[in-house]
Number of protein chains: 2
Amino acid sequence: MSDDKTIENGVSRRQMLIGTGALAAGVAATSLGKWVETAQAQGGETEKWPWPYVKLDPQETAEIAYKEWYRIFCGGAVISSVIGQLREKVGGPYKTFPIDSFVFLEGGQVGWGTICGSPAGANIVANLIIGPRIAGAHEGHQISADNMDFYSKAEMPVFVPKNPKIDPSKIVHTVSDSPLCHISVGKWMKAANLPLGSPERKDRCARVAASSAYRLVEMLNAWHDGTYKPTNSFSCSKENGITGQYNCTECHGDKVPEAPTAKK
Amino acid sequence: MSDDKTIENGVSRRQMLIGTGALAAGVAATSLGKWVETAQAQGGETEKWPWPYVKLDPQETAEIAYKEWYRIFCGGAVISSVIGQLREKVGGPYKTFPIDSFVFLEGGQVGWGTICGSPAGANIVANLIIGPRIAGAHEGHQISADNMDFYSKAEMPVFVPKNPKIDPSKIVHTVSDSPLCHISVGKWMKAANLPLGSPERKDRCARVAASSAYRLVEMLNAWHDGTYKPTNSFSCSKENGITGQYNCTECHGDKVPEAPTAKK
């Protein structure tokens, strides 16, 4: 848990940054070769942000993510689809980031059903490139919220690969209303009436990873162009006094607990 | 979501590996200078596992994590406490891993209340060092499950720092029965009757990060010595046909849905 004051104030502060000189400077610094000048080093060789970024093709990125799912699964696939291309196109810090270490994001972290690896991987990528909010730029933080918001509200899977392993007409679409693997996969399995081990479920998850990578790259490209605008302004800690999602009643029903508010 | 066959069979396969030549080779390779020989490169300069590891002091690591929480919050603090020391003691790939990018793990990923940053950060560290299961060693995967199992079942916070910012007698202890931030923090806030913004809640989370770092280093040290044994053998996908935790009824009550089992 972070300092909630920052979370509570994060959105408005981030929104204030959009279009200001602070953002413009950040965007200008994304051109190749300038990243060292914007150093916010804490001791690590790559802890200088933003990392140099060149715009990627969302369609091509999604195709890579779809293919990579069958090698390194959801979180690894999203990370590989962006970082792998930037290794080739940019080099630098992307060369030393160990993509394959993130296979463990599968199944909501080694099968525990917590956050789906697709938004978890997308969040990692956004914050690698843009850097943490403590280094001054809040767009990595905000794109993370947008990754989870998109994942939760989209009719997943959105992306259709050029050469799908499973006939797309056999893959039903569902809205998870949650970034959690257990909820997302559970709702899909119920709608499809298919087990976890079915080829359809696997291809659904590969296409979810591809959909997440597509949307991530759209946002990163907009950030690079200076046109990124957050699509999600929800702050659970601000509205409800606790970290969480936007849909309390889905789990709590009518009995949504009140967070303690007494200050000592 | 990963290939569930691997998740379903993962524990027994991992357990089979314990004490075999495969594990012994992995352990031997953790001595400095040998990591290049055990390369499983996929293209990245650091995608050779295991990364060289030297045993760390759990107490000292936890003290660092406690302090770092107040700079980079839960996930970043756990990562920094281990990777930061290894930058100094080992160098190599630890120098280029961008610790501060992981501030976003705060609040269950930018305040969305999904997996707490403490186990999420611990999972990242284990898999950076040991590598992904697809590279042949399953201990990183298993330590991740143990990170979440410890986090869920311990009377948190376990660790007491030498110089606590808040009198330890004012910090109540709770069992989350979940790796999720929303659940863990919510149960603690209810028991303590204190708000998210209270100094006690913040210090509780700093101590949870420290507790997670302590336990992680105990396991990494055992892995280095060849004595690591998984403490958690639960596989939700194997037992229930879906990714998830061990306590279905806590959320579902008596109406735990059956996962579809029909094979096409």
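Observations, loosely collected:
- Some residue of the range B:118-131 being over 28 Å from A:I134 (Cβ atoms) and crowded, with 24+ Cβ neighbours inside 10 Å: yes
- All told, A:P260 meets the bar of being surrounded by fewer than 22 Cβ atoms within 10 Å (Cβ to Cβ), free of Cβ contacts under 8 Å to residues at least 40 places away in the same chain and either within 12 Å of another protein chain (Cβ to nearest Cβ) or on the phi < 0 side of the Ramachandran plot (or both).
- If you filter the range A:179-204 down to residues that are among the hydrophobic types (A, V, I, L, M, F, W, C) and at the interface with chain B (Cβ under 8 Å from one of its Cβ atoms), you find that the one that is surrounded by the most Cβ atoms within 10 Å (Cβ to Cβ) is A:C181.
- Per the conditions (1) at the interface with chain A (Cβ under 7 Å from one of its Cβ atoms); (2) over 30 Å from A:K170 (Cβ atoms); (3) of a type in the set (G, A, S), the sole criterion not satisfied by B:G241 is (2).
- Among residues of the range A:72-130 being on the phi > 0 side of the Ramachandran plot and touching a Ser or Thr at 6+ places or on another chain (Cβ under 9 Å), the one that is farthest from the other protein chains (Cβ to nearest Cβ) is A:G92.
- Every condition in (1) surrounded by 24 or more Cβ atoms within 10 Å (Cβ to Cβ); (2) without any contact (Cβ under 8 Å) to a residue 12 or more places away in the chain; (3) charged (D, E, K, R) is met by B:E106 except one, and the failing one is (2).
- Residue match in the range B:145-157 (condition: more than 10 Å from every other protein chain (Cβ to nearest Cβ), within 22 Å of A:G43 (Cα to Cα) and not hydroxyl-bearing (S, T, Y)): no
- Residue in the range B:165-178 that is buried (at least 16 other Cβ atoms within 10 Å of the Cβ), more than 14 Å from chain A (Cβ to nearest Cβ) and not in a loop (DSSP other than H, G, I, E, B) present: no
- Filtering B:G111, B:G140 for residues that are out of contact with any Phe, Trp or Tyr (no Cβ under 8 Å at 6 or more places or on another chain), surrounded by 23 or more Cβ atoms within 10 Å (Cβ to Cβ) and at pLDDT 95 or above leaves a single hit, B:G111.
- Residue ID - surrounded by the most Cβ atoms within 10 Å (Cβ to Cβ), chosen from residues in the range B:205-235 that are in contact with a Pro (Cβ under 7 Å, 6 or more places away or on another chain) and of a type outside the set (D, E): B:S212
The values are calculated or read from the model by the stated rules, or taken from the named source; none is laboratory data. These figures come from a predicted structure and were not determined experimentally. Positions of Cβ are generated from backbone atoms using ideal geometry, with glycine treated the same way; all protein chains shown enter the neighbour counts.
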